[in-house]
Amino acid sequence: MAPDTIAGLLLARKGDGRPGLRTRQQDWTWDEVVHESAVRASLARALRTDGPFHIGVLLDNVPEYVFWLGGAALAGASVVGINPTRRGSYLEREVRHTDCQLIITDRAGLDLLDGLDLGVPPERYLIVDEPAYDEALAAHAAAEPVHDPEVTAATRMLLLFTSGTTGASKAAICSQGRLAALGHGNSAKYEVGAHDVCYCPMPLFHGNALMALWAPALAAGATVALTPKFSASGFLPDVRYFGATFFTYVGKAIAYVLARPERDDDGDNRLTHAFGTEASPEDQAAFLRRFGCRLIEGYGSSEGAGMLKRVPGGPPTALGRPAREGVRIVSAETRETCPPARLDEHGRVRNPEEAIGEIVDTGGAARFEGYYKNEAANAERVHHGWYWTGDLGYVDEAGYFYFAGRSGDWIRVDGENTSALLTERVLRRHPDIVAAAVFGVPDPRSGDQVMAAVELPEGKRFEELRLPEFLAGQRDLGTKGAPRYVRVSHALPTTGSGKLRKKEMQVEGWRVGDPVYHRRGRGEPGYVLMTDEDKAALRAEFLASGRGRFLP
């Protein structure tokens, strides 16, 4: 029977002489990975104190991260992945909340934590690039990887901070059993076998890297290839160096790689497929053409996964079909199942008011493992006995599910709903737009207006986009979908995993330091740069209309 814990999966690799972990500096067989994990498990047990057995890890994608994942699994501890893009009081509050007993970091991470009170005494920081750490490991070098009967499928393995793109992050619980099941399931779902080399450019504190790459590679006995951080310029050289066949991605990673100058030898690599989210159909086609690699778009989260299954030959923008009977689209108000969407020739939903609802799993409440010490957040996810994802979707007449964004991704313009997600997809078709976020900002008189934030390559000017002409040529963009305001940047704010901070940008609106262009009147096609006087006049219009409370 297949192991039902991460510890069991790891112990199954004992004696396996095939490559388990590779970096540009050193390689380890799977047997060596198991041994290194056992050393850290022994060290963790020796340092354990009363209370939750939580180990905070603040490292780039380096071998020590992988060894501590394995060590925590063997010891029955939980890894708390600390996001290095957090700062100050936010970082302090996030880590304190998780009750860590130990902090594993390096000198760079120590500088980031300087002056913060994480609730962990300084003597319980293990600094991996200092001699004292090597001495601590040496004292446990003889540790043997053994099965601990107290480690079961229910043993907590991870506390995964949600990315926080829509508000304050929460620590999602993931047990060894759930992660092991994802390892088995995703290795089959994403076609990861023992022969694969799985390149990991996404951070190991994020669910994508752990659930879609590390755990499946462990289950299948595939090789994990590490790079400290994602780099668009280093992506193809790394892929070639490792002979990578599979990788995972989130956010803007694919757009950044595609923004690199195209070369005749782009296809000279061993990549066959990749899994991730937020790659548009145009990105998928371009990536396949340039690199010969199929991008598999999916739907999932740190809190839950496996709700939808891929269907070969399905519509390119569809997420798939339900993996079980209880997955459906329902109205949040009535809890009734929404009728199928009626799509026009461009794939736009003609009946959004009735067809778009929240994606729920009526049998998923028992599978949701909750957020650590956050009952209010748990109640948002589980009520009426169902698991509510917080994501909007719709289903077509053939039964395929589609993602429609978060609740804020539908914008009420002139009394009509328009999809921010559709406008984002349209903007990302532009060859000079690296990334785009679209959201609603208040109109000074009533309802909302569409605002976009676009990221351009260095040296590219907004005027060169010829955006009005480009938008006019997109037949699937509705009359209300064209942005009224466009924020222009060469580096939009992102989370640690590369997702755009849409909520933050929505709050800032047009009152931001980046240049913002706008159409002066309704229906005017051209964009002009907003001046301080324009912003002051707009603010005065809000106040004159009694809508000052809606100012972004």
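We did not get these values from a lab; they are worked out from the coordinates using the rules stated. Note that the structure is a prediction, hence the values are computed from the model and not measured. All Cβ positions, even for glycine, are placed from backbone atoms using ideal geometry, and neighbour counts span all protein chains on display.
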Item checked: Length released on extending from residue 466 to residue 229, taking residue separation times 0.36 nm less the Cα-Cα span -> 81.9 nm
Note to self: Give me the dipole magnitude in Debye, nearest 20, for the chain about the Cα centre, with unit charges on the beta carbon: positive for Lys and Arg, negative for Asp and Glu.
What the structure shows: 980
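Would you please classify the overall shape of the range 408-550 from the alpha carbon gyration tensor, given that a ≥ b ≥ c denote the square roots of the eigenvalues, rounded means a/c under 1.5, and beyond that prolate means a/b larger than b/c while oblate covers the rest?
rounded
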Checklist line | By average C-beta atoms within 10 angstrom, highest first, the peptides 214-227, 105-118 | finding: 214-227, 105-118
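When only Cα pairs under 8 Å and 6 or more residues apart are kept, what is the percent relative contact order across the range 447-519?
Value for the range 447-519: 40 percent.
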Next item on the list: Please work out the FRET efficiency for the pair residue 49 and residue 382, using the Cβ-Cβ distance as r and a Förster radius of 45 Å; give the result to the nearest 0.05.
Entry: 0.90
Checklist line | Of the GluC sites (Glu not before Pro) in the range 294-337, those whose Cβ has at most 16 other Cβ within 10 Å and which sit in DSSP loop | finding: 325, 333, 336
Next item on the list: With a ≥ b ≥ c taken as the square roots of the eigenvalues of the C-alpha gyration tensor of the range 113-226, please select rounded if a/c is under 1.5 and otherwise prolate if a/b is larger than b/c or oblate if it is not?
Entry: oblate
Next item on the list: Just check the range 467-552 against the gyration tensor rule for me: Cα atoms, a ≥ b ≥ c as the square roots of the eigenvalues, rounded for a/c under 1.5, and otherwise prolate or oblate depending on whether a/b exceeds b/c.
Entry: oblate
Next item on the list: Could you list which residues have their amide H under 5 Å from that of residue 335, counting only those 5 or more apart in sequence or on another chain, with H placed in the peptide plane?
Entry: none
Check: Between residue 260 and residue 311, what is the label-to-label distance in nm when each label sits 7 Å out along the Cα-to-Cβ direction?
Finding: 3.6
Item checked: Per-residue Cβ neighbour rank within 10 angstrom, fewest leading, 528, 80, 34 -> 528, 34, 80
Note to self: Give me the percent relative contact order of the range 320-399, please, defined on Cα pairs under 8 angstrom at least 6 residues apart.
What the structure shows: 35
Next item on the list: Work out the charge dipole of the chain with +1 on the Cβ of Lys and Arg and -1 on the Cβ of Asp and Glu about the Cα centre, then indicate which of 110, 417, 322 is farthest towards its positive end.
Entry: 417
Margin query: Between residue 529 and residue 132, what is the label-point separation in nm under the 7 Å Cα-to-beta-carbon projection?
Written below: 5.3
Margin query: What distance in nm lies between label points placed 7 Å from Cα along the C-beta direction at residue 351 and residue 333?
Written below: 1.6
Next item on the list: Between residue 432 and residue 93, take the C-beta separation as r, use R0 = 51 Å, and let me know the FRET efficiency to the nearest 0.05.
Entry: 0.85
Item checked: Sequence-separation-based contact order of the chain, relative, with Cα cut under 8 Å and 6+ spacing, percent -> 10
Check: How do 504, 123 rank when sorted from fewest to most other Cβ atoms within 10 Å of their own Cβ?
Finding: 123, 504
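Given a cut-off of 32 Å, name the pairs among 189/499; 170/480; 252/309; 170/460; 499/535 whose C-alpha atoms lie farther apart than that in the structure shown.
Over 32 Å Cα-Cα: 170/480; 170/460.
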Next item on the list: Set the Förster distance to 30 Å, then compute FRET efficiency between residue 511 and residue 458 from the Cβ-Cβ distance, nearest 0.05.
Entry: 0.75
Margin query: As I understand it, the dipole of the chain uses +1 on the Cβ of Lys and Arg and -1 on the Cβ of Asp and Glu, about the Cα centre. Which of 256, 59, 46 lies farthest toward its positive end?
Written below: 256
Next item on the list: For the range 346-389, state the semi-axes of the equivalent ellipsoid (square roots of 5 times the eigenvalues of the alpha-carbon gyration tensor), sorted largest first and rounded to whole angstrom.
Entry: 28, 11, 9
